[in-house]
Structure formats: structure tokens, C-alpha cells
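> One structure, pasted below without further comment.
The values are calculated or read from the model by the stated rules, or taken from the named source; none is laboratory data. Worth saying up front: this structure is predicted, and the values here are computed from it rather than measured. Here the Cβ positions follow ideal geometry from the backbone for every residue, glycine too, while neighbour counts run over all protein chains shown. Just so you know, the surface numbers come from the protein's heavy atoms only, side chains and all, with ligands and any DNA or RNA stripped out. Shrake-Rupley method; radii C 1.70, N 1.55, O 1.52, S 1.80 Å.
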Amino acid sequence: MNYDIVIIGGGAAGFFTAINLAEKNTQLKIAIVERGKDVLSKVKISGGGRCNVTHACFEPKELTRFYPRGEKELLGPFHQFCSGDTIAWFEDHGVTLKIEEDGRMFPDTDSSQTIIDCFVQAAKKAKVQVLTSTSVQQIYKGERGYKLDTTAGTITCIDLVLTTGSNPKIWDMVEEMGHKIVKPVPSLFTFNIKDERIKDLMGIATLAEVRVKDTKLEASGPLLVTHWGMSGPGILRLSAWGARILAEKNYQFQIVVNWLPQYDKESIKEELQVIRKEHAKKNVVKRIAIELPNRLWERLVVICGIDDQTKWAEVNNKQLERLSEELTEGVYQVNGKSTFKDEFVTAGGIELKEVNFKTMQSKMYGNLYFAGEILNIDAITGGFNFQNAWTTGYLVAQAIAEKHLNNEI
């Protein structure tokens, strides 16, 4: 099987690259090679089945700040294809995106199937061949292009694009070719915590500030109590920025939680003293003027040795000090992590210094390109990892299409 361009990986970056390539140069013979039975499987389950396509952040410099790895390298690419371009691209292909309050953007159908249908139909219309259940066993560089040994036979091409995400087998092949692979570690994960203060409180969500003790790592955002510990955007943000540091700690560390980000220990203590004076005859467990979920407030009050019959007038200064500390400086022991198996994101991949970010071409091999999470690029949650796929895929498509149009192959 002979093609002009072969794209290994039938995910978001692979399809976006293929469609843009085919639409820019209709003469090209393009194939997507996917090892699984189905394509776009990660798109299907992303965003809880809704597909968080991108984020409503339209200034390139600001957008790069959501990438713990890739911030510097993506600035130029985002000037070429940013979130606004993504919105326009999908609109041109019949998909309207909507913005939610937190800036995340989803198809207005709230279904990832809308994105899958869009890609599959666009690829079919552009005559891109999709070869599923085809696993690449070996990559050989020839004089004019590449030869691939696959489970479906030999495939040859002039240009090869790798969009295989965190696929260790492909990483190994690329490493054998001489590229450096930054060792992958989990990037988005939740914290396993067993602690009486949050036991049986699963489902509680509230804004919080979290920092990892004895490090500079800190993040804020909604924190969700789960049956295994803590999750939510705030925790995931911390896990992304601290991916390598927390891996070095073998996921054994302490976090300090401020359940009331608008306060520090001293200011909340002053607030509690005012409440004690003004509501002396009321029970402490009946939360007053403190914005915190009721069950969490009640639990922290009891942990501080204040029972459910205690009135504010009966609270001593030692108890008030302890309560102030629990509300703003509670220390929790983390023992391990839990990752989202299907939506797994890693920090690691192709060393970024070995890639030309104007074209996404390998600096070591002609006609070899990379897009998406195969690179050592990852982001926090919110549609940013997909935006990396769209932007890098677009640059690959633009570079290869122009090269063939100008007969520079």
C-alpha cells in the first residue's frame, strides 16, 4: 500500500491533521493508521462524553500559561492557529461550540459523538483512507520516505506523521531512530487520602486553595471530595504542574488545604471571634456567615472538639484557634494517586528541542512530523490538551500541503 502521507494514530490530532491536509491539497493520497478497532476513542469519552473541544482563551500568550510543559514552544504555533481558529474551523464543518461559565467549550449538542461524526464525515469526504486494526511493528527510513511494517502488511509513504499520544511502543521506535524521549509520568491525577475529616463526605465540592507542603506547588479551584480522597479542577491543576515533583516523591506527600480562600488563619480567627460574640446563644454546628458546605463545616467543628450541643459562647480560645487552623491550614497526608484510565494524560514524550515548531517537523529526519500528545506537551483540564492537538495538527498539515504543492518533496 503506497501513500503520499501516512498518519499513525486515529485520534484527535491524527484526524485533524489528515482532514486539513486533504482540504489544502486534494491531490494527496492520505491514510490514517490506527491500531485499535475504533477511531477517536479518547474523543468519545472526553469531558464526560461531551468533549471539551477547547477553551475560550483567545490571546496566545495567555493561552500558553495553561501548559506546564510546552508553554514557551506553543507561543508561535498559537499565533498561527488559536482557540478562535478552532471555533471557526468547527463552524465551517457544521459544528457550533458553546462557552460555559468557566470558559470550557463544548459542542452545543453536549455530545462528543458530534465531534466524532464531524471528523469521520470530513475525512470520508476528503477521501482520507482510515485503516483500523492495523498495528505498526517497525518504521524504516528510506531514501525518499518511509516504509512501515504493519499487521496488515507493508505500507510506504513520502511523509510520516506521528499522532499516537502516549503510546510507549511508538515512543520506543522513535527512540531507536535517535530521538530523545522524556520519560513519561502521569500528569492529571487525583489524590488518595484517608482522613476522618473527609470520611463519608464524598460529593462535597467547594472552592479551595491547595499547596504541597515543603514545595512551591500551589493551585486554587473547585475541590471535590471523593470516596478515595480529593479531586476536582484545583487538585488536577496541582497534579499537572507538579507531575514530575510528585512522581519523585512516589506520590507520598502532605498537602495544606485552605477551605476558605478569601481568608487566612488570622483573618478567619477574627471573623469567628465576631461570630462568637454576636451569636453567643446559637449552636456552633449551625454554620453562620461562613461560606462552606454544611457537612464539611459540621465535620471540622466536631474534629476540633466542639460537639453538636456547644453554643458559640462556650467555645474557648484554644478551640477557636484549632478551628481557624482546620479551615485555612489543614494538613492532609496523600498516599498515592488515582488516574482517569480512559482520559489518561502524561507529562513526557518527544523532546521539544528536537522539533521545529514552525512546521512540527523533526529536526533529525526529513519528512517526519509530530502532533498532539506524542510530544512532551501537556496541559491542565479545560480543553487545552485538545487545543494542542488542533494547533500542532494544523501546522503539520499546512507544512506538508505547501511542500507538495511546491513540489519540494
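> Which FRET efficiency value, to the nearest 0.05, is calculated for E23 and M202 with the Förster distance at 41 angstrom and r the Cβ-Cβ distance?
Step by step, r from the Cβ atoms, then E = 0.30.
> Give, in whole angstrom and from largest to smallest, the semi-axes √(5λ) of the equivalent ellipsoid of the stretch 48-142, with λ running over the eigenvalues of the Cα gyration tensor. Could the numbers behind the result be given before it?
Numbers: eigenvalues 140, 95, 35 Å².
Output for the stretch 48-142: semi-axes of 26, 22, 13 Å.
> Excluding residues on the same chain fewer than 8 positions from K127, give the lysines whose Cα lies under 19 Å from its Cα.
Straight-line reach from K127, under 19 Å: K24, K29.
> Could I ask something else about it? Using the alpha-carbon centroid of each, what span in Å lies between the stretch 1-38 and the stretch 317-376?
28 Å
> Determine the equivalent ellipsoid of the chain by diagonalising the alpha-carbon gyration tensor, then write out the semi-axes as square roots of 5 times the eigenvalues, largest first, rounded to whole Å.
So the equivalent ellipsoid measures 50, 20, 17 Å along its semi-axes.
> Run down the aspartates and glutamates and flag those whose C-alpha is under 14 Å from the C-alpha of K358, throwing out any fewer than 8 positions away in its chain.
Within the straight-line cut-off, K358 pairs with E73, E402.
> Taking the Cβ of K216 as the centre, find all other residues whose Cβ is under 15 Å away and add up their charges (Lys, Arg: +1; Asp, Glu: -1). Please report the intermediate quantities before stating the final value.
Details: positive: R211, K213, R237, R244, K249; negative: E209, D214, E218, E248.
Neighbour charge sum, excluding K216 itself: +1.
> For a 18 Å ceiling on Cα separation, which of these pairs sit above it: K213/K265; K216/K353; K180/K363; K180/K403; K194/K337; K265/K337?
Violating the 18 Å limit, Cα to Cα: K216/K353; K180/K403; K265/K337.
> Something else now. Near the amide H of G229, under 5 Å away, which other amide H atoms are found, from residues 5 or more places off or on another chain, if H is placed in the peptide plane?
I193
> Lysines near K98 by alpha-carbon distance under 22 Å, same-chain residues fewer than 8 away left out - which ones?
The reachable lysines, counting only those whose Cα sits under 22 Å from K98, are K42, K44.
> Turning to a different aspect of this structure: For a quick check: with amide H placed at 1.01 Å from N, whose amide H comes under 5 Å from G11's, ignoring anything fewer than 5 positions away on the same chain?
Amide H neighbours of G11: L40.
> Moving on to the next point. Counting only residues 5 or more places away or on other chains, whose amide H sits under 5 Å from the amide H of N52 once H atoms are built in the peptide plane?
HN-HN under 5 Å from N52: G47.
> Against the 2.2 N^0.38 Å scaling, with N counting residues, where does the stretch 49-103 land? I'd like the Cα-based Rg ratio to two decimal places.
Working: Rg = 11.9 Å, N = 55, 2.2 N^0.38 = 10.1 Å.
Compactness ratio reported: 1.18.
> Return P(r) of the stretch 303-409 (all Cα-Cα pairs; 5 Å bins starting at 0; whole %; ordered from short to long distances).
2, 9, 13, 13, 9, 7, 6, 6, 6, 6, 5, 5, 5, 3, 2, 1, 1, 0
> While we're here: How far, in nm, would the chain grow between E71 and K124 when pulled straight, counting 0.36 nm per residue and subtracting the alpha carbon separation? Present the calculation step by step, with values, prior to reporting the outcome.
Values: separation 53, 0.36 × 53 = 19.08 nm, distance 3.42 nm.
Working it through step by step, the gained length comes to 15.7 nm.
> What is the local net charge at A397, summed over the other residues whose Cβ is closer than 13 Å to its Cβ (Lys, Arg +1; Asp, Glu -1)?
Summing Lys and Arg as +1 and Asp and Glu as -1 gives -3.
> How long is the gain from T215 to E351 if the chain were fully straight, where each residue apart is worth 0.36 nm and the alpha carbon distance is subtracted?
Using 0.36 nm per residue and subtracting the Cα-Cα distance, I get 46.4 nm.
> In addition: Could you go through the stretch 121-137 in sequence order and give the Karplus-derived ³J(HN,Hα) for each residue, using 6.51 cos²θ - 1.76 cosθ + 1.60 with θ = phi - 60°, rounded to whole Hz, and x for Gly and Pro?
Ordered by residue, 3J(HN,Hα) equals 5, 5, 5, 5, 4, 8, 6, 7, 7, 10, 9, 8, 6, 10, 9, 7, 9 Hz.
> So, one more: Using a Debye calculation, one point per C-alpha and no hydration shell, please list log10 I(q)/I(0) for the stretch 119-175 at q = 0.17, 0.20, 0.22 Å⁻¹ in order.
One equal scatterer on each Cα of the stretch 119-175 leads to -0.67, -0.89, -1.03.
> Just to be sure I follow: if Rg is taken over the C-alpha atoms of the stretch 225-366 and Rh is the Kirkwood radius over the same atoms, what is Rg/Rh?
My calculation puts Rg/Rh at 1.20.
> Output wanted: per-residue J couplings in Hz (rounded whole) for the stretch 292-309, from phi through Karplus 6.51 cos²θ - 1.76 cosθ + 1.60, θ = phi - 60°, x for Gly and Pro.
8, x, 3, 5, 5, 4, 4, 5, 5, 4, 5, 4, 7, x, 10, 7, 6, 9
> Using label points projected 7 Å from each Cα along Cα→Cβ, tell me how many nm separate T132 and K147, to one decimal.
In this crude label model, T132 to K147 measures out at 3.0 nm.
> In addition: Taking 0.36 nm per intervening residue step and subtracting the Cα-Cα distance, what contour gain separates K311 from Q262 on full extension?
Full extension from K311 to Q262 adds 15.1 nm.
> Mind putting together the pair-distance distribution for the stretch 219-263? All Cα pairs, 5 Å bins, whole percent per bin, short to long.
Values per bin, smallest distances first: 5, 18, 29, 28, 15, 4, 1.
> Further question: Per-residue accessible area for R35 at 1.4 Å probe radius, Å² rounded to 10?
150 Å²
> Over the chain, what is the relative contact order in whole percent, taking alpha-carbon pairs under 8 Å and six or more residues apart?
That works out to 24 percent.
> Which value, in Å to one decimal place, does the Kirkwood hydrodynamic radius take for the stretch 186-278 when every pair of different Cα atoms is included?
14.1 Å
> Still on this structure: Rounded to whole Hz and in sequence order, give me ³J(HN,Hα) for the stretch 317-330 from the Karplus expression 6.51 cos²θ - 1.76 cosθ + 1.60, θ = phi - 60°, writing x for Gly and Pro.
3J(HN,Hα) across the stretch 317-330, in whole Hz: 5, 5, 5, 5, 4, 5, 5, 4, 5, 5, 6, 10, 9, x.
> Once you charge only the Cβ atoms, +1 for Lys and Arg and -1 for Asp and Glu, what is the size of the charge dipole of the stretch 306-387 about its Cα centre, to the nearest 20 debye?
Values: 8 positive and 13 negative charges, 107 e Å.
About 520 debye.
> Run the dipole for the chain about the Cα centre, Lys and Arg Cβ at +1, Asp and Glu Cβ at -1, nothing else charged, and hand back the magnitude in debye, nearest 20. Write out the running numbers ahead of the final one.
Working: 50 positive and 52 negative charges, 109 e Å.
About 520 debye.
> K61: net charge of surrounding residues, Cβ under 14 Å, Lys/Arg +1, Asp/Glu -1, itself excluded?
It works out to a net charge of -2.
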